[in-house]
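Take a look at the structure set out below.
The values are calculated or read from the model by the stated rules, or taken from the named source; none is laboratory data. Model, not experiment: these values are computed from the prediction. Heads up, the Cβs are rebuilt from the backbone with ideal geometry, glycines too, and the neighbour counts pull from every protein chain shown.
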Amino acid sequence: MKRVVVGLSGGVDSSVAAYLLKEQGYEVIGLFMKNWHDDSVTISNECPWLEDSNDALLVAEKLGIPFQTVDLSEQYKEKIVDYMFSEYEKGRTPNPDVLCNREIKFDVFMKIALSLGADFVATGHYCRKGTIEKDGNDVYQLLAGIDGNKDQSYFLCQLSQEQLSKALFPIGELTKPQVREIASKLDLITAEKRDSQGLCFIGKVRLPEFLQQQLQPKEGLIYEINADNTIYNQEVPLFNSLEEKLAFEANGISYLPENGKVVGKHQGAHYFTIGQRKGLNVGGTKEALFIIATDVKSNIIYTGQGANHPGLFKKTLKVLPSEIHWIREDLALKNGETLEVMARIRYRQELQKATLHHFESGLYVSFEKPQSAITEGQFVAWNIGDELVGSGVIS
C-alpha cells in the first residue's frame, strides 16, 4: 500500500480528495497546515484557521484516517508574507497563491510528508497529472482540470518535474458539483462549506491594512490621462531586429505628470496595482477610473477612464532569464527559437493565442490580441493544448 499525505485544508475539495484516495486503496494520512495568521488584518469570521483545522479533523475522523496539524507559520511568513511586502514595495504585484504552492505545499509541506514515509502528497486542486515516456524516462505533465470553470492548473504553474512526480490530484477528473455531491452523500461537515477566498491559507485579508503594517503610507497625486492623448498616437520607430521591436512593445508607455491632470490624492503608490479601479476615491468622472500605471519612485498613480482605455492594453510582455520556468524541461526554448502557445496572465482568464520568443535577454510573450492590465510581478503561464508547460514572472 502506497502512503499518501493529503493536505486537508478544512474545505470540501481536499476532504473528497482524501476519500477518493482511500477508496483507491492508498494508506491516507491527513495533515493540516497552520500558516501565518495575523488577527489585526484578517476579516475575522472569514476563514479563521481554527475553524478550518477543526473541520479537517472531523473529516479525518469520519473517513477513519490519522490526522495531525503542522505549524508552518514561520516558513510561511518568511517565504510568502515577506516576499509580498518586498514586491509591493518595488511597485510589483505578487501572486501569493502560485508561490504558496511552489514554496509551501509542494516544498516545505512535501518534505514533512516524505519524512513521514509518504510516497505521494495530494491536494484538492482541480487539475490532472499525466505521465509520458521520453528517451526511456518518465516525464510528468500538468494538465487542466476537467471542470473548465474550476481549472486550477495556473496556480501550479511553478512546479518542477521533481515536485510533480510526487503529487496526486484526485479530484481533477471531477466537476465541483460532483465533488459537493460526494461530500453530501458521505455527510461530511465540509459538503456545503463555501470556498475560501483570499490569500492562500491566511483567509480574507484587508490588503491595504495588511500592507500598511510594513509599507508606510505616503501621500501622492493621482493623474488622469485622456484616451485621446497624443501619447497614444506616436509614430512607431523603425527597428533593426525583432528583439528590438518586442522590447519596445513590452516596455509600453512611460507617463509623466505633464501628460495628464491631477484628479485626486492617494496614500502610497505601492498599495495599488495596474487595472485596479476600487479604492481610488475619485468621483465625478463619466466612466470609472482604472489605474494604467504606477510610479513608485515618484509616488504617482496614472489613471484612465473606462475599461477600454488604450493605456490598459499591451501586446507583449517580457520574462527575465532567471524567471523563466519550464515544467516540461524537454520543451524549453533555446536562443532564437519561437513557440506558438496558448497563454494567460491571470487565473480564470481565457487562454489567449501567443508566440514565445527566446533571446539571451529573456523570453518575450507576444499575444495575437492586446491584453488588458499586464501586471509586473504576476505570472504568465503557457499551454500546449490542455497541458501547462511553463510559466514566468512578468517583468
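Within the stretch 193-209, can one find any residue that is surrounded by 13 or more Cβ atoms within 10 Å (Cβ to Cβ), of a type outside the set (S, T, Y) and at pLDDT 90 or above? I'd like the intermediate steps shown before the answer.
Of all residues in the stretch 193-209, those surrounded by 13 or more Cβ atoms within 10 Å (Cβ to Cβ) come to 193, 196, 198-209.
If we keep only those that are of a type outside the set (S, T, Y) as well, we get 193, 198-209.
Then drop every residue that is not at pLDDT 90 or above, which leaves none.
No, that holds for no residue.
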Check your understanding: Can D97 be described as part of a helix (DSSP H, G or I), assigned by TED's automatic domain parsing to the domain that holds F67 and more than 30 Å from I291 (Cα to Cα)?
Key -> no
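Here are I394, I384, I324: which of them is in contact with a helix residue (DSSP H, G or I) (Cβ under 9 Å, 6 or more places away or on another chain) and buried (at least 17 other Cβ atoms within 10 Å of the Cβ)? Break it down into steps so the answer makes sense when it comes.
Numbers: I384 fails: buried (at least 17 other Cβ atoms within 10 Å of the Cβ); I324 fails: in contact with a helix residue (DSSP H, G or I) (Cβ under 9 Å, 6 or more places away or on another chain).
The unique qualifying residue is I394.
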Point to revise | Residues within the stretch 270-320 that are in contact with a Leu (Cβ under 7 Å, 6 or more places away or on another chain), within 27 Å of E244 (Cα to Cα) and among the aliphatic types (A, V, I, L, M), tallied | key: 2
Check your understanding: Quick check: is even one residue across the stretch 102-110 in the same structural domain as L142 (by TED's automatic domain parsing), in a helix (DSSP H, G or I) and more than 25 Å from K150 (Cβ to Cβ)?
Key -> yes
Check your understanding: K318 fails exactly one of the following numbered conditions: (1) among the charged types (D, E, K, R); (2) touching a residue at least 24 places away in the same chain (Cβ under 8 Å); (3) not assigned by TED's automatic domain parsing to the domain that holds S372. What is the number of that condition?
Key -> (3)
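From Q352, Q305, Q371, which residue is under 20 Å from G91 (Cβ atoms), out of contact with any helix residue (DSSP H, G or I) (no Cβ under 6 Å at 6 or more places or on another chain) and not hydrophobic (A, V, I, L, M, F, W, C)? Working first, answer last.
Values: Q352 fails: under 20 Å from G91 (Cβ atoms); Q305 fails: under 20 Å from G91 (Cβ atoms).
Every option except Q371 fails the conditions.
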Check your understanding: Which residues, counting only those in the stretch 145-174, are out of contact with any Phe, Trp or Tyr (no Cβ under 7 Å at 6 or more places or on another chain) and surrounded by fewer than 21 Cβ atoms within 10 Å (Cβ to Cβ)?
Key -> I146, G148, N149, S160, E162, E173
Practice item. Filter the stretch 39-62 down to residues that are surrounded by fewer than 18 Cβ atoms within 10 Å (Cβ to Cβ), modelled with pLDDT of 70 or more and of a type in the set (A, V, I, L, M, F, W, C), then give me how many there are. Key: 2
**Study point:** Given (1) among the charged types (D, E, K, R); (2) outside any strand (DSSP E or B); (3) in contact with a helix residue (DSSP H, G or I) (Cβ under 8 Å, 6 or more places away or on another chain), index of the condition E173 fails
**Key:** (3)
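For H270, state whether it is in a strand (DSSP E or B) and out of contact with any Lys or Arg (no Cβ under 7 Å at 6 or more places or on another chain). I'd like the intermediate steps shown before the answer.
Numbers: in a strand (DSSP E or B): no; out of contact with any Lys or Arg (no Cβ under 7 Å at 6 or more places or on another chain): yes.
The answer is no for H270.
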Check your understanding: Do any residues in the stretch 255-274 that are within 19 Å of K218 (Cβ to Cβ) and outside the structural domain of F85 (by TED's automatic domain parsing) have Cβ atoms under 8 Å from those of residues that are part of a helix (DSSP H, G or I) and among the polar types (S, T, N, Q), where the two are at least six apart or on different chains, and which pairs are they?
Key -> Y271/Q212
Check your understanding: Is it true that some residue in the stretch 131-153 is in a helix (DSSP H, G or I) and within 20 Å of I324 (Cβ to Cβ)?
Key -> yes
Check your understanding: Just checking, how many residues over the stretch 327-365 are modelled with pLDDT of 95 or more, surrounded by fewer than 19 Cβ atoms within 10 Å (Cβ to Cβ) and hydroxyl-bearing (S, T, Y)?
Key -> 3
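Does W36 fit the bill of being of a type in the set (A, V, I, L, M, F, W, C), modelled with pLDDT under 90 and touching a strand residue (DSSP E or B) at 6+ places or on another chain (Cβ under 6 Å)? Break it down stepwise before answering.
On the way: of a type in the set (A, V, I, L, M, F, W, C): yes; modelled with pLDDT under 90: yes; touching a strand residue (DSSP E or B) at 6+ places or on another chain (Cβ under 6 Å): no.
In short, no.
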